Each structure stands twice: as structure tokens, then as C-alpha cells.
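A.B. asks: Let me begin by handing over the structure; questions about it come next.
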Amino acid sequence: MHSDSNSTFQEHALDLEFVHCYGKHVDWLAGWFRRRLSCNDVACELAQDVFVKLYEQRQKLPAIREPKAWLATMAHGLLVNHYRRADLEKAYLASLAAHPCEHTPSPEQKAVLFETLLELDRYLRELPWKVRKAFLLAQLEGKKQQDIALELGVSLSMVKKYMAQAQQSCLNFEQGAKHLSNINPEQRIVSSRALAAMPRFSRRALLKSLAVLFGTSGLFYGYRRSDYSADLLSAKGEIQTHTLPDGSEITLDSDTAVELAFTTTQKLIVLRRGRIMIRTAGVFDSQQPKPVVRTREGYAQALGTVFSVEQKLRTTKIEVFEDMVQWQPLIQGTRHLLKAGEQAEFGFDGLVMHGELSADRAAWVRGLYVANSVSLKTWAAEISRYRAAQIHCDAAVENWLVSGTFPLNKPEVALAALQDALPVQLIQHHKLAASPVLLVARDHTQ
């Protein structure tokens, strides 16, 4: 009995705290939305939605030290969804105009349809364009996989992979699938084309208005430099491969962030951090823009090639494995043409290093590091890319030479293999895989 009364008292206290928070901040939050939207009614409605979410999580209220910051974070998410819904409605109307239907859904059916499309878009928005397109062609337009392969210009086996990837993302979409199955085929085609027209990453469509959204240029700059505006992102120790809108292939090394800007006039890849490998698709002609990788120091333009670009602390490193790449500095300076088998490093002041390139340097794409008489210090730095904590070398051993092939996705296995190859010993404060490691010479008495 005492427990029940105590629980009731706590619920009452939380309700009172929520009412206090609501009364103190609701006008401020409505004004926050009003400054970013042209409609006062929508601003007030979104502000109410934020407080509904807060009420559902009111047990967190005692721990929220900065209510305005928490409310603003929730407001950002709702504003993104609001713009996303508006974009979908525009895409739907454009698709309807291009493919008019005899049977227009009733207002009730349209409301259900839009909620269903928004839910499906939420599941599909993170998928590559071809994966999303293949799924929509099959599920909404009823096309066979052979026809989808012809339309997308890929093999039948690739279409099957696309379908498996998309279905994995839509495992919890059973109810929405029922709603879409109830509409006529023409409406399904319109819905499919509307969803296919949506940008892959919703927040990229908001970049033009984010300076206003965040209020200050400094916060906007912070957003642009953060992972939240990246289109492709790999975690520490993770290697990912994606297909770009033009059919090119991009592989992200560990801890890499990339922003994409593909239009009819440009194919821009902004390398925020990390390393990427590009395999361009097809043969370029004068009518098609060539892929360009932008770094802090300049631009690497593909001339029909396979190449990697790495954003280092103060330089950009380019390795060319096939054909050629042209480097254009960000500020005025000499342009450089790199051919297959060449590598170079550029800073703001120009060329820092130029030399020959071993084909083994591309092995990281396959999850391998091929060391050919490299210093132990260099080896430790390379393996540390894929490990939560750094590997350090004692000065007495850092110039020892290492040769062999080591797995990048299993750095602890690589460390064990190193001890078999060299007389080194690992020193760790504790035996967790995420703890730092110091490499020292092995005690010969052991």
C-alpha cells in the first residue's frame, strides 16, 4: 500500500514539473518555430507536438538541466520531419501531374496513404538510390526482377542483393504494406515515383535553410562539420562500399565521413575526414561531368580511374591505381597530373611528397594491410586506424621493420601476429581490446 501511494506521489510530482516546464517555455518554443516557418498555426502545432513528446518522457524531467536545449533538440527533429513531409507531398503532386490517375483517393484514403508513404520513406531514406529504386519497382509497380535489372543497368544477381538489403530495412513495415496493397495500381505507380524522387538523406535538402534553422553562422558551421550532415559515414574499424548515383563505387575506410552533391552539372564528393577509394563507372565523355573529390586543400578530379584520397591533418594524399587524376589546389597554385602507379601529398602551400605507389596499398579495401618492410611505427599507426585505442611504440623498437599481411577488421589478431613476427611485447593497463597498447622489446629471459 505504501509503495502504491509513493508511486502516485511521484507521478503527481512529475505532472506538476511538466506543467511548470510547459507554462515557462511554450511561448518561447512557439516563437522558435515561428521564426523558421511562415505559418503561425503550424508553428503552434509543432510546439504542442514537442511537449506531447516531453510528457511521454516526463520521467526524464528531473535530470534535464537545460530544458530549452532539450526542447530545441526535439524541435529540430520535428522540423526535419515537417520539411520531409512537404517534400514528399510536392513529389507526389509532381508524379501525379506526370501520370494522371482515373481514380483519385478520397481525403481519408489520401491521409492514410501519406502517412504510409512517410513511414516507407523513413525505412528507405538511408538506402542507396539503386537499392531503393529496385524495391519500389518490385513492390509498388510490380515489375519482374529481370526488367528491373535492365532498367537499372545491373545484373540480375545484383537486383536480388538490392531486394534483400531493402527488405531487411523494411522488416517492420507489414501494416504499411497492407495499406499500399489496398490502393489501385495507378496510385501505386504514382507513389513509387514520388518516393524515388525523394533525396536519399533528408537533412541534405535542408542545407540551404540551416543557417536560419540554427540561428547563428557559428552553429551552422558546426553542423556542416559534424557527422549529422554527412551522407556516408563509417565507424571506427568499419569498411563500407556504396554505389553512387552515377554507378561509380566508393569505399569508405575506417572512421570516414563523406558528403555528396550529385546533379546534372556536377558530381562532387566532399571528403570530411578519413580515406576513400573511388572506382568510376563507364567511360567519360564531354557531355558528362567527371567525379571530383573535395578536401580541405583542394580538388582531385577523376579522368576515368581508380584512385584513393585521404584527408590527413594538414594535407591531402592521393594514390592512383588506374588511369589518371588531376589535382587542383584550393588556392592559386600549380596543377598536378598523377598517373597510375603514382602517389602524392598536397598541402595549402603545394606539393609535399611525390613518389611511386605499390599496388598493395589498395588492399585495405579488402580488409587487409600488406606491410612490406615498413617501420613498426608506421605499422602501428595503420592498425590504429581500426582500433578504439591507439597503439604506441617504444623508441627502441619504432624503427624495426615489419613485413606480412594483417587483418584490419581484427586488430587484436594483427597484434598477436606481430608478436609471432618480431620479438616485441604488448604492455596494457588492462586486457580489454579497447585499451591502449605499448609495444616494447621482448625480454629475452622470458
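A.B. asks: Applying 1/(1 + (r/R0)^6) with R0 = 51 Å to the Cβ-Cβ distance of Val19 and Glu89, what FRET efficiency is obtained, to the nearest 0.05? Walk me through the intermediate numbers first.
C.D. replies: Working: r = 35 Å, r/R0 = 0.69.
The value I calculate is 0.90.
A.B. asks: Just to confirm a number: summing +1 for Lys and Arg and -1 for Asp and Glu over residues other than Val320 whose beta-carbon lies under 10 angstrom from that of Val320, what do you get?
C.D. replies: That sum, taken over residues with Cβ under 10 Å, equals -3.
A.B. asks: Taking a threshold of 24 Å on the Cα-Cα distance, which of the pairs Lys161/Lys410; Lys68/Lys236; Lys236/Lys312; Lys144/Lys267 fall above it?
C.D. replies: Details: Lys161/Lys410 26 Å; Lys68/Lys236 32 Å; Lys236/Lys312 16 Å; Lys144/Lys267 31 Å.
Check vs 24 Å cut-off fails for Lys161/Lys410; Lys68/Lys236; Lys144/Lys267.
A.B. asks: Here's something else I'd like to know. Out of residues 5 or more away from Phe321 or on other chains, whose amide H comes under 5 Å of its own, with H placed 1.01 Å from N in the peptide plane?
C.D. replies: Answer set, sorted by chain and number: Val306, Phe307, Ser308, Gly341.
A.B. asks: Could you work out how far apart the two model spin labels at Leu351 and Gln57 are, taking each label as a point 7 Å from the Cα in the direction of the beta carbon, and quote it in nm?
C.D. replies: Label-label distance for Leu351 and Gln57, simple model: 5.4 nm.
A.B. asks: Residue by residue through segment 400-408, what is 3J(HN,Hα) from phi via Karplus (6.51 cos²θ - 1.76 cosθ + 1.60, θ = phi - 60°)? Round to whole Hz and write x for glycine and proline.
C.D. replies: Once θ is set to phi - 60°, the couplings for segment 400-408 become 4, 8, 10, 9, x, 10, 10, x, 7 Hz.
A.B. asks: Once amide H atoms are placed 1.01 Å from N in the peptide plane, what residues at a sequence separation of 5 or more from Val374, or on another chain, have their amide H within under 5 Å of its amide H?
C.D. replies: Amide H neighbours of Val374: Val402.
A.B. asks: Modelling each spin label as a point 7 Å along the Cα-to-Cβ direction, I'd like the Gln288/Ala235 distance in nm, to one decimal.
C.D. replies: Those two pseudo-labels are separated by 3.5 nm.
A.B. asks: If you take the beta carbon distance between Leu426 and Glu119 as r and set R0 to 56 Å, what does 1/(1 + (r/R0)^6) give as a FRET efficiency, to the nearest 0.05?
C.D. replies: 0.70
A.B. asks: Highest first, please rank the peptides 304-312, 346-354, 29-37 by the mean number of other Cβ atoms sitting within 10 Å of their residues. Intermediate values should be presented prior to the final figure.
C.D. replies: On the way: 304-312: 21.1, 346-354: 14.9, 29-37: 17.9.
Descending mean neighbour count gives 304-312, 29-37, 346-354.
A.B. asks: Here's another thing I want to ask about it. Taking the Cα-to-Cβ direction at Asn409 and at Val26 and moving 7 Å from each Cα, how far apart do the two end points lie in nm?
C.D. replies: 5.3 nm
A.B. asks: If amide hydrogens are placed 1.01 Å from N in the peptide plane, which non-local residues have theirs closer than 5 Å to the one on Tyr299?
C.D. replies: Gln328, Leu330
FYI, it's all coordinate maths here, none of it is from the lab. Predicted, not measured: the structure shown is a model, and the values here were computed from it. Cβ: placed from backbone, ideal geometry, glycine included. Neighbour counts: every protein chain shown.
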